[in-house]
Amino acid sequence: MAKVGVFYHESFSRRSYLTVGRRLADFPAALEGLLQEERFRLYRCSEVDDQLILQVHVPRLIPDVEADPL
């Protein structure tokens with residue numbers, strides 16, 4: 001069975017352009033049941049270098065995120 005990684009940072013739970021309203025307010029607690037299963041793993045994101053971000057996102061994302069008061 002495929003492994004599933006969930007990447008999360010506490011700022012995702014606050015209102016910002018990254019999320020609609022507070023739809024992630026109950027995370028990661030909402031995943032507690034799934035995280036008991038071996039195939040699911042929660043990764044708590046830390047700050048990374050912009051070059052790593054640019055491997056998976058368009059360049060305009062960085063200034064947009066920096067401008068948002070997460």
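If we count every other residue with Cβ under 15 angstrom of D50's Cβ, Lys/Arg +1 and Asp/Glu -1, where does the sum land?
Result for the neighbourhood of D50: -3.
Net charge near E66, counting Lys/Arg +1 and Asp/Glu -1 over other residues with Cβ under 15 Å of its Cβ?
-4
Taking the simple approach of a point 7 Å from Cα along Cα-to-Cβ for both Y43 and A2, what is their distance in nm?
Label-label distance for Y43 and A2, simple model: 1.5 nm.
If you stretched the chain out fully between L31 and R60, how much longer would it get, using 0.36 nm times the residue separation minus the C-alpha to C-alpha distance?
Taking 0.36 nm per residue and subtracting the Cα distance, the gain is 7.4 nm.
All of the numbers you see were taken from the coordinates with simple rules; none came from a lab. Everything quoted here is computed from the prediction, not taken from an experiment. For neighbour counting, all protein chains shown are included, and Cβ atoms are generated from backbone atoms with ideal geometry for every residue, glycine included.
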